[in-house]
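The values are calculated or read from the model by the stated rules, or taken from the named source; none is laboratory data. Everything numeric here is computed off the predicted structure, so don't read it as measured data. Cβ placement follows ideal geometry from the backbone for every residue including glycine, while neighbour counts extend to all protein chains displayed.
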Amino acid sequence: MTKDAAASWFGAPSAPGFHFNSRRSAVFGRGGMVAASQPLAVAAGLRMLSQGGSAADAAIATAAVLNVCEPTSTGIGGDCFALYYEAASRQVSALNGSGRSAAALSLERLAQDGLHELPAYHPYTVTVPGACAGWCDLLERFGRLSLGQVLEPAVHLAEEGFPVAPLTAQFWARGAERQLRQAPNGVELTVEGRAPRPGELFRNPGLARTLRRVAEGGKAAFYQGEIAEGIVQVLRQAGGGQGCLSLDDLAAHHSTWDQPIHTTYHGLRVWECPPNGQGLAALLALNILEGFNLHHSAPLSVERLHLQIEAMRLAFADARWYVSDPAFSNLPLADLLSKAYAEVRRRQIDPRRAMLDQTRGTPHAASDTVYFCVMDSEGNACSFINSNYMGFGTGIVPAGWGFSLQNRGHNFSLQADHPNALAPRKRPYHTIIPGLLTYAEPVDSSGEPREPLCGPFGVMGGFMQPQGHVQVVSALIDDHLDPQAALDRPRYCIEDGTAGGTVALEEGITENTLLHLAEMGHPVRPVRGMEQALFGRGQVILRQPETGILAGGSDPRADGCVMSL
């Protein structure tokens, strides 16, 4: 990445990044920045920064308010992952805040219960919610403010109420119909059985009660005592007295700090959390695409989209096998991420024809949801993602506590010899992934230390996420777009994250391109209107190395924004 290319992100006169299709432009600032899918969450994060908090403090305040304002996607009953860039040490840390399956749940138990597959909203799909511990652990390592200070904005909004945003209201209505009306205590997250309407004030006293307990007692208040008892009790109720998750499962939960995984892409280093997250898929695809030099083909052209789609198909074929709990499998990450392996996989792409039957490779030695990002005035950055999965998750609500329980266990394989096979106290394949960009090398060509360029980024949305990461990174690096323009660009999505899945093409990709991709053998379909939620919702913040100026973008497909101090 040249200095001129990096400068184009920040509005150099010749930068193509200022030709964007939405009504939004990039936001610039110096004193810290927050980008999220809800303006009230952005305000909470900025409040922490203005009080002297770090990017970690702002991140958890943002996450907690998103739980209040967008429970359709996220909450303390779900999981989280984070990448944290510490400016002083120039180190990237990866936090795995995902939970594990119940000790009593196994393939044998499913067989005894006559279950040959797991229904999406079954209580057996509830893994231990890891978000609360993840919030506390991030603050413990990188925060400056107290847990009470950080959670206070969310407590206030839950108690006093907030006006529901338009897109959130639509997803809330879908979740009320699909999950909340049928799930035990789901009515707690409705207005007398219906979803709140756009602009309607919604209060959640149960969630305020939960957050106050956590603020006073830390993560122990969630994983032990009344809240934990409420979780176990409601799962027994939902399972007809046969719930699996126990008080011991909750008390035994812990986050992990892992070594992040990364690859280089045209001079920048792209960071992801390691498995059990699917960030590996994004890095595998970028490694393959680097050899094609995408900047030689026009954005959204048939040639570029074909190569990106084919690279993602190969990446998903590998990820669907290898992404699993590393505590149960010896994963060949270094070999999978090698440039030599990428070259082998690259040779399998026919530039003229789609291949829908890709299988996983064998490397040899030679990474529904909310995503947000924060950067403080010192250059510390947090790339953070928090999710219930499938909207409200199971929709099951512990009585009186105001949050729904996730259904991440639905991503386990029931194939006994699969690395991601269901087993007791195991983490499942996880779709949620935060991303981060830094310079590939800490010194320039003359050996002088570089000022840290840091860019937290992410695109939420199930199996869309690694595909969104690849498309946004390509827009930023191959085409030098600014963060907002990169997020505005129409996207493709291989549905269900399978190698042979149908390719959904967003409005803005021409009919002629769609027809040519179909002629090449891609099963394609155009997507319009509200179904565009399929393409995820992203946030990006980039820091200009020489000046420290921040440039941010927030996805126009969501209710949110990006703001700076």
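Cβ-Cβ under 6 Å, sequence separation 6+ or interchain: first residue in segment 308-325 and of a type in the set (Val, Ile, Thr), partner assigned to a helix (DSSP H, G or I). Which pairs?
323/280
Just to check your reading of the model, which residue among 262, 266, 254, 306 is surrounded by fewer than 17 Cβ atoms within 10 Å (Cβ to Cβ) and over 30 Å from residue 162 (Cα atoms)?
The unique qualifying residue is 254.
If the requirement is being surrounded by fewer than 16 Cβ atoms within 10 Å (Cβ to Cβ) and at pLDDT 95 or above, which of these qualifies: 230, 217?
Numbers: 230 fails: surrounded by fewer than 16 Cβ atoms within 10 Å (Cβ to Cβ).
Exactly one residue qualifies, and that residue is 217.
Please report, ordered by residue number, the helices (runs of 4 or more DSSP H) entirely within segment 451-565 with at least 3 residues that are among the β-branched types (Val, Ile, Thr).
Once the helices (runs of 4 or more DSSP H) in segment 451-565 are filtered for at least 3 residues that are among the β-branched types (Val, Ile, Thr), what remains is 464-477.
Tell me yes or no: at least one residue of segment 189-199 is part of a helix (DSSP H, G or I) and under 26 Å from the mean Cα position of the chain (by Cα).
Yes - at least one qualifying residue is present in segment 189-199.
What number of residues within segment 22-71 satisfy the criterion of being among the hydroxyl-bearing types (Ser, Thr, Tyr) and over 17 Å from the mean Cα position of the chain (by Cα)?
Summing the residues that are among the hydroxyl-bearing types (Ser, Thr, Tyr) and over 17 Å from the mean Cα position of the chain (by Cα) in segment 22-71 gives 4.
Just to be sure before I move on: is residue 502 more than 27 Å from residue 318 (Cβ to Cβ) and of a type in the set (Ser, Thr, Tyr) in the structure I sent?
no
If you take the residues in segment 376-415 that are more than 27 Å from residue 224 (Cβ to Cβ), in contact with a helix residue (DSSP H, G or I) (Cβ under 6 Å, 6 or more places away or on another chain) and not acidic (Asp, Glu), which one is surrounded by the fewest Cβ atoms within 10 Å (Cβ to Cβ)?
By that ranking, first place goes to 380.
Of all residues in segment 397-417 being under 22 Å from the mean Cα position of the chain (by Cα) and in a loop (DSSP other than H, G, I, E, B), which is farthest from residue 69 (Cα to Cα)? Outline the logic, then answer.
First, the residues of segment 397-417 that are under 22 Å from the mean Cα position of the chain (by Cα): 403-413.
Next, from what is left, pick out any that are in a loop (DSSP other than H, G, I, E, B): 403-407, 412.
Working: 403: 12, 404: 14, 405: 16, 406: 17, 407: 20, 412: 29 Å.
Within segment 397-417, the match that is farthest from residue 69 (Cα to Cα) is 412.
Among the residues of segment 160-179, is any crowded, with 19+ Cβ neighbours inside 10 Å, β-branched (Val, Ile, Thr) and closer than 15 Å to residue 68 by Cα?
Yes; the residues of segment 160-179 include at least one that is crowded, with 19+ Cβ neighbours inside 10 Å, β-branched (Val, Ile, Thr) and closer than 15 Å to residue 68 by Cα.
Hey, among the residues in segment 76-105 that are within 13 Å of the chain's Cα centre (by Cα) and assigned to a loop (DSSP other than H, G, I, E, B), which one's surrounded by the most Cβ atoms within 10 Å (Cβ to Cβ)?
Restricting to residues being within 13 Å of the chain's Cα centre (by Cα) and assigned to a loop (DSSP other than H, G, I, E, B), the top hit is 78.
Mind listing whichever residues of segment 505-528 are among the hydrophobic types (A, V, I, L, M, F, W, C) and either loosely packed, with under 14 Cβ neighbours inside 10 Å or out of contact with any Lys or Arg (no Cβ under 8 Å at 6 or more places or on another chain) (or both)?
If the condition is that a residue be among the hydrophobic types (A, V, I, L, M, F, W, C) and either loosely packed, with under 14 Cβ neighbours inside 10 Å or out of contact with any Lys or Arg (no Cβ under 8 Å at 6 or more places or on another chain) (or both), then 509, 514, 515, 517, 518, 524, 527 are the ones that fit.
Can you pull out every residue in segment 495-508 that is closer than 24 Å to residue 553 by Cβ and out of contact with any Leu (no Cβ under 6 Å at 6 or more places or on another chain)? Outline the logic, then answer.
First pass over segment 495-508, keeping only residues closer than 24 Å to residue 553 by Cβ: 504-508.
Across segment 495-508, the qualifying residues are 506, 507, 508.
When you check residue 125 against the structure, is it under 20 Å from the mean Cα position of the chain (by Cα), within 23 Å of residue 230 (Cβ to Cβ) and either hydroxyl-bearing (Ser, Thr, Tyr) or at pLDDT below 95 (or both), yes or no?
So residue 125 passes the test.
Among 62, 127, 74, which is of a type outside the set (A, V, I, L, M) and farther than 22 Å from residue 43 by Cβ?
Result of the check over 62, 127, 74: 127.
Rundown of residues vs (1) surrounded by 21 or more Cβ atoms within 10 Å (Cβ to Cβ); (2) in contact with a strand residue (DSSP E or B) (Cβ under 8 Å, 6 or more places away or on another chain); (3) modelled with pLDDT under 95, yes/no style:
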position: 474; (1), (2), (3): yes, no, no
position: 477; (1), (2), (3): yes, yes, yes
position: 530; (1), (2), (3): no, no, yes
position: 553; (1), (2), (3): yes, yes, no
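Restricting attention to segment 366-375, and to residues there that are part of a strand (DSSP E or B) and touching a Ser or Thr at 6+ places or on another chain (Cβ under 6 Å), which single residue is surrounded by the fewest Cβ atoms within 10 Å (Cβ to Cβ)?
The residue in question is 370.
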